Amino acid sequence: MRVYLELEVRRVLCRRCQAVKRERLDFLAANPFYTQRFAFYVGRRCRVSTVKDVADELLLNWHTVKELDKHYMREQLRRVGTPGPKIIGIDELSIRKRHTYRIVVSDLVRERAIWFGGTDRSEASLDEFYRFLGEKKAKRVRLAVMDMWKAFRNSTTRNAPQAAILFDKFHIMRHLGEALDAVRKSEYHRLSGRDRRYIKGQKYTLLSHRENLTLEGKRALKTLLAANKRLNTAYLLKESFGQLWDYNREGWARKFFENWCASLKWQRLKPYEKFAKMIDQHWDGIAAYCKPENKVALGFVEGLNNKIRVIQRRAYGLRDEEYLRLKILTCMLPRI
């Protein structure tokens, strides 16, 4: 049953500006045909369901449901107020094909997204965030977590020079995983056809942690490492490199890294040597994690990215970028 709300909203002439204005009723939503309470109900339903499903359930037009959901999300942002973060996480997000990127900035203390925008992942796009934040609040940022992207580092150094830069562990380990896969491919092309059967199709077996593998995957990994000595060495080096983030002093971390680099000698692992040079060039952003005050949850940035992917897949891609922005900024906020 569809229920209509019939209210007579009066129009009055403003004596000050000589304009005709409509009377405002607090219990009405932005759309005068629906109450605030109903708009909030639609917004709560859209947090767990698609717009189309909610529209079919409530016998409403698809565009009406989306506008009510926007009204709900704007009210969520209004209630939490303007952000003033001290620890931020910066990451890029692909919103469509052909390298169309936007930047997502999150507050790692309150664990929520605080800004979505830009036109690409350039330095100028991140400058827009610091202009949104303001000079006074930008000076309060003491730590910025990001991947090893030069544009992000330059923009943060210029707009928040007091902030320490910390490179995300996930992206560093992804580079190491790519180096391991390069070793696997080189071994595949070097061996004969009969010995290739141990390496073919084992990319994700090598890149996954052993405890995350199934019983069949653990058996395949054991057979692979026993059959190829160079892959065995590369795999053990990849697994041991994660200890770098366990140290509480930079000197100990540096000693571990030097020993790790020394173990590459005579191993003929060119991708690993290239990876070690990259880590040495970006050492300051990795050693910053050794300080106790910089021990933050590094996985939240990538977890937020995965949550955004779920939002995009559920809607089969959102063409309305403003709607996508509101979804991202409110996905971690409590419902109202």
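Bear in mind that the values in this text are calculations on the coordinates, not laboratory data. The structure displayed is predicted, hence computed values, not measured ones. Cβ sites come from the backbone with ideal geometry, for glycine too, and all protein chains shown count toward neighbours.
With both residues required to sit in the chain, DSSP beta bridges show an antiparallel share near 70%. The angle between the Cα long axis of helix 215-227 and the longest principal axis of the Cα atoms of the chain comes to about 40 degrees, rounded to the nearest 10.
The three principal axes of the C-alpha atoms in segment 169-293 carry coordinate ranges of 51, 31, 20 Å, sorted with the longest axis first.
So which of K86/K270; K229/K295; K137/K169 end up more than 29 Å apart, counting from Cα to Cα?
Working: K86/K270 40 Å; K229/K295 36 Å; K137/K169 26 Å.
Checking Cα-Cα distances, K86/K270; K229/K295 exceed 29 Å.
By the rule of a C-alpha distance below 15 Å, with chain neighbours fewer than 8 residues away ignored, the aspartates and glutamates paired with K21 are E8. Taking 28 Å as the straight-line reach from the Cα of K52, the lysines in range (excluding those fewer than 8 positions away in the same chain) are K66, K70, K97, K307, K327. When shorter helices are ignored and each DSSP H run of at least 4 residues is given -39500 (n - 2.57), the per-residue value for the chain at 222 nm works out to -15500 deg cm²/dmol.
Magnitude of the charge dipole for the chain, about its Cα centre and with charges confined to Cβ atoms of Lys, Arg (+1) and Asp, Glu (-1), is about 340 debye. A DSSP coil position with no more than 15 other Cβ atoms inside 10 Å describes the following trypsin sites (Lys or Arg not before Pro) in segment 292-336: K295, R319, R335. Two numbers describe the Cα atoms of segment 221-322: Rg and Dmax, which are 18.8, 55 Å. To the nearest ten degrees, helix 36-46 and the longest principal axis of the Cα atoms of the chain are 20 degrees apart.
The C-alpha atoms of the chain define a longest principal axis, and helix 229-241 lies at about 50 degrees to it.
So if the hydrodynamic radius of the chain is defined as the Kirkwood radius over C-alpha pairs, what does Stokes-Einstein give as its diffusion coefficient at 25 °C and 0.890 mPa s, in µm² per second? D, rounded to a whole number, is 103 µm²/s.
Based on C-alpha pairs under 8 angstrom that are at least 6 apart in sequence, the chain has a relative contact order of 17 percent. Tell me, Kirkwood radius of segment 67-115 from alpha-carbon pair distances, in Å? Hydrodynamic radius (Kirkwood, Cα pairs) of segment 67-115 is 12.5 Å.
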